[in-house]
Amino acid sequence: MLYPLRFKPFLKFYPYGGHRFAEFLEIDVPRDRTIAETWEIADHGPEQSVVINGPLAGKTLRDLMVEFKQELVGDEVWERYGDYFPLLLKFLDCDKRLPAHMHPNDETARLLGLGDTGKSEAWYIVRADSGAAAYVGALSGLGGGDFQQAIENGDPYDGVMKKIPTRTGDTYFVPPGRLHGLDAGNLAFEIQQNSDAGFGWEWAGFVEAGIVSPQDARRHKSLAVEHALYEDGIQEQTREVVLQEDDDERAFCCACRYFVLERLKIRGNTDFHDKQARFNTFTVLSGAANFTGNGEVAFAKRGESLLIPAGVEVKIEPNSLAGAGEVELLRCYVPDLQRDVIDFLRASGASDVEIAWLGSYGSGNDLLPLLDLRQDLFDVTVAERHQAAVEHANSRDETS
Ligand SMILES: [Zn+2]
């Protein structure tokens, strides 16, 4: 019998990590080493989450996939993905700047024989220090020749990408091909396709640490130039669609064909039951709660994640230990975009443009075609970007 599952995270000691997991999330990780990533729910080759609660304690997520199959992920997810767990959840401690990189899409990953799927990802900024930023999106008007030149000139960040100040609570959707690398000072949650495929043109200490081979680091530069998205949008952050459900708040933060990211604020005892045949994940952002399903109680607090197997009804009881009776969660699931996002949000009163914002700008927005909106709705041209900069400068003149 399946129940709400908690896992021991898989730790990554990449060069950019720090001590934020222990200091701000207060999760139980070694304090004598810097940690870059906690893979909260992962079934990626040898990188495995291990169950720590209830009768299934000690089993890896792979063990559960083999034993429970569609009972774990749900018929809808199993029909689409079979024996491939489609999501990977992480926290990132960006104490230093991340590598400058991008990810391939599914087709490129397959054609190149990478042994991994493509990767779409989204970041929810859990905590941004003052001055923290994200490198994301190509500079306005950047082309392949400029990109190549900037790499050769040793200007792999500011020479190719926009640098955007991050704020706690912002969500960034990063489709395959979008240039990115979080800058120092961010604690982020990341939801992504279950893949580790990426092309870095500046690996920022990864080669020296033996994580990426010098050959790959060289090869990645031309792959990045070839597969980059050369497009620019009105803004890099998504715009949330916030719904009030009785006392609780439900915010859609981001949506693409692979995942939906929601933020839930739950202020009293709540029954959670996903009518669709699929698993869900919860990650506690603040407060704590007991999650009871199929007779098992799982307690989770800030920084801890749960996998809710398909069909398991969960009673969520916010615990007053840290959150005064309120718990704030990130929820992730594999969507049917039309049914779960478009039809649902339209029925809740959201406009089509508000819904489309969940998918960011450009060709990676999976919602625009389904909404019958122009694919370039949120794109901007070099001329428009220039005009906006002039207007911004003029308005500053007037106010100063
Ligand atoms: Zn990435």
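The values are calculated or read from the model by the stated rules, or taken from the named source; none is laboratory data. Only a predicted model underlies this, so the values are computations on that prediction, with no experimental measurement involved. Every residue, glycine as well, gets a Cβ built from its backbone with ideal geometry; the counts of neighbours run over all protein chains shown.
Of the strands (runs of 3 or more DSSP E) lying entirely inside region 126-224, those containing at least 1 residues that are surrounded by 18 or more Cβ atoms within 10 Å (Cβ to Cβ) and of a type in the set (S, T, N, Q) are 171-174, 186-193.
The conditions of being farther than 20 Å from ARG331 by Cβ and either buried (at least 20 other Cβ atoms within 10 Å of the Cβ) or in contact with a His (Cβ under 9 Å, 6 or more places away or on another chain) (or both) are not met by ILE52. Number of residues in region 88-108 that are in a strand (DSSP E or B), under 21 Å from ALA224 (Cβ atoms) and either within 11 Å of the ligand (Cβ to nearest atom) or without any contact (Cβ under 8 Å) to a residue 24 or more places away in the chain (or both) equals 4.
Among the residues of region 3-24, those identified as surrounded by fewer than 22 Cβ atoms within 10 Å (Cβ to Cβ) and of a type in the set (A, V, I, L, M, F, W, C) are PHE10, LEU11, PHE13, ALA22, PHE24. One residue alone among GLY293, GLY233 is touching a strand residue (DSSP E or B) at 6+ places or on another chain (Cβ under 6 Å), more than 16 Å from the ligand (Cβ to nearest atom) and outside the structural domain of LEU345 (by TED's automatic domain parsing), and that residue is GLY233.
Among residues of region 167-180 being closer than 14 Å to TYR124 by Cα and within 15 Å of the chain's Cα centre (by Cα), the one that is nearest to the ligand (Cβ to nearest atom) is VAL174. Looking only at region 233-277, filter to residues that are of a type in the set (Asp, Glu) and more than 20 Å from the chain's Cα centre (by Cα); which one of those is surrounded by the most Cβ atoms within 10 Å (Cβ to Cβ)? The extreme case among them is ASP274. Evaluated against (1) over 14 Å from PRO104 (Cβ atoms); (2) touching a residue at least 60 places away in the same chain (Cβ under 8 Å); (3) within 24 Å of the chain's Cα centre (by Cα), GLN148 falls short on exactly one condition, (3).
Could you check, for region 109-119, whether at least one of its residues is within 15 Å of the ligand (Cβ to nearest atom), under 18 Å from MET161 (Cβ atoms) and out of contact with any helix residue (DSSP H, G or I) (no Cβ under 6 Å at 6 or more places or on another chain)?
Yes: one or more hits.
Scanning region 356-400 for residues that are basic (Lys, Arg) and either in contact with a Leu (Cβ under 9 Å, 6 or more places away or on another chain) or at pLDDT 95 or above (or both) returns a single hit, ARG374.
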